[in-house]
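This report concerns only the one structure given below.
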Amino acid sequence: MADRNNPTRGRASESTYSLMEFMAEYPDDAACLDFLWRERFAPDGHTAHCKKCDQPRRFYRVKDRPSYDCGHCGHHLNPLAGTIFHKSSTSLHLWFFAMYLMTSTRCGISAKQLERELGVTYKTAWRMVNLIRNQLMSDDVEGPLSGSVEVDETWHGGKMRHSDRRKAAERGMKHGPHVKPRATVMGFVERGGRVVAMQVPSRYGYTLRSNVAKTVAKGSTIYTDDYSGYSGVEQAYTHHRINHSLRVYVDGHVHTQTIEGFFSLFKNGVRGVYHSVSVKWLQGYLNEYTWRYNRRDSGRAMFIDLIETAASRAR
């Protein structure tokens with residue numbers, strides 16, 4: 001829940017972290033570096049364990065360098081080492097602002113938009129977004145899902161253009177979803193809880209059932225549509241189906257509306273923000289949307305979660 005006593009937000013605002021708060025807490029590179037230093041090495045801002053002395057020592061900031069020196073032996077500690085910021089010529093403040101923008105939006109932000117916001121080249125903006133998305137927003141869910149879990153799969157990719165249909169017809173190929181290669185995305189969501197989305201190689205029953213076994217704890221209750229690929233999961237789960245073939249979408253507590261809502265959010269975001277996503281980078285985009293979805297009701301600022309992950313997930 002938002003802090004109603006914060007003067008930088010209106011009383012009716014549902015924001016958990018505003019732009020004014022970001023600019024006040026992280027106004028420059030020094031403030032961003034100090035955060036990483038405290039998170040990784042010195043919670044009090046001064047005392048850290050010196051590997052050379054093999055005991056806690058007081059460290060001091062090195063002038064004109066993003067590092068700290070032991071006051072006793074001069075051993076260096078670099079808060080950026082091993083992080084996505086290491087050896088980057090881009091300002092650390094711009095990195096933090098990019099992470100703020102990616103966490104303050106519901107449907108994502110494109111590298112082109114980030115280029116305009118930060119005043120960097122498109123190549124730099126794309127690299128920043130790619131590293132944040134694929135290294136900080138991945139592996140978000142710990143442990144298998146349990147309880148009441150909805151499972152569904154969907155195609156990723158647009159419809160065929162008229163020119164593609166004409167060329168396919170000239171080659172004697174029938175129109176249909178298999179004419180244009182499209183990726184398959186599988187999604188799982190606990191009702192009232194976490195979501196998991198992954199790219200899978202096919203819609204074959206073995207693939208779907210294998211991923212269900214890996215992602216959902218045995219004994220849970222599973223809700224799917226009437227696709228035959230899910231037949232057999234009832235051996236390890238309580239299985240309920242909703243008959244989409246007869247255009248039945250809700251029957252009491254039996255439905256897959258929650259996971260379909262997540263797919264709708266993802267597809268509308270891709271269509272409106274990115275326009276197109278290649279299969280090569282698809283899982284990264286799924287991770288980003290999953291990461292935000294799983295924190296939507298936490299009441300904690302997503303930006304704070306992300307920068308703490310950046311500090312703790314050193315390579």
Exactly one of (1) more than 30 Å from ARG161 (Cα to Cα); (2) touching a helix residue (DSSP H, G or I) at 6+ places or on another chain (Cβ under 7 Å); (3) part of a strand (DSSP E or B) is unmet by ARG241. Its number? (2)
List the pairs whose first member sits in the range 50-77 and is under 19 Å from SER91 (Cα atoms) and touching a residue at least 60 places away in the same chain (Cβ under 8 Å), whose second member is in a loop (DSSP other than H, G, I, E, B) and of a type outside the set (Lys, Arg), and whose Cβ atoms are under 6 Å apart, counting only residues at least 6 apart or on separate chains? none
Looking at the range 286-306, is at least one residue closer than 19 Å to VAL200 by Cα, exposed (fewer than 13 other Cβ atoms within 10 Å of the Cβ) and without any contact (Cβ under 8 Å) to a residue 12 or more places away in the chain? no
Reported set for the range 81-107 where residues are in a loop (DSSP other than H, G, I, E, B) and surrounded by 20 or more Cβ atoms within 10 Å (Cβ to Cβ) is THR83, ILE84, PHE85
Of these, SER276, SER312, SER264, which one is within 24 Å of HIS156 (Cα to Cα) and at pLDDT below 90? SER276
One residue is enough: does the range 218-225 have a residue meeting the conditions farther than 17 Å from THR184 by Cβ and acidic (Asp, Glu)? no
Quick one: is HIS253 buried (at least 16 other Cβ atoms within 10 Å of the Cβ), more than 20 Å from GLN199 (Cα to Cα) and of a type outside the set (A, V, I, L, M)? no
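Go through the range 70-80 and give me each residue that's crowded, with 18+ Cβ neighbours inside 10 Å and not in a loop (DSSP other than H, G, I, E, B). Give the derivation first.
Filtering the range 70-80 down to residues crowded, with 18+ Cβ neighbours inside 10 Å leaves 70, 77-80.
Once the filter is applied, which keeps residues that are crowded, with 18+ Cβ neighbours inside 10 Å and not in a loop (DSSP other than H, G, I, E, B), the range 70-80 yields CYS70, LEU77.
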Output yes when any residue across the range 266-278 is surrounded by 15 or more Cβ atoms within 10 Å (Cβ to Cβ) and closer than 11 Å to VAL151 by Cα, and no when none is. no
Within the range 160-190, considering residues that are basic (Lys, Arg) and either exposed (fewer than 15 other Cβ atoms within 10 Å of the Cβ) or not assigned by TED's automatic domain parsing to the domain that holds HIS255 (or both), the one modelled with the highest pLDDT: ARG166
Among the residues listed as ARG296, ARG241, ARG247, ARG209, the single one being basic (Lys, Arg) and under 30 Å from MET99 (Cα atoms): ARG296
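Yes/no per residue for (1) part of a strand (DSSP E or B); (2) among the β-branched types (Val, Ile, Thr):
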position	(1), (2)
VAL189	yes, yes
GLY193	no, no
VAL196	yes, yes
VAL212	no, yes
ILE259	no, yes
LEU265	no, no
ASN268	no, no
LYS280	no, no
GLY284	no, no
Out of the residues in the range 228-244 that are hydroxyl-bearing (Ser, Thr, Tyr) and surrounded by 12 or more Cβ atoms within 10 Å (Cβ to Cβ), state the one that is nearest to TYR204 (Cα to Cα). TYR230
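The values are calculated or read from the model by the stated rules, or taken from the named source; none is laboratory data. Note that this is a predicted model, so its numbers are computed, not measured. Neighbour counts are summed over all protein chains in view; Cβ atoms, including those assigned to glycine, are modelled from backbone coordinates with ideal geometry.
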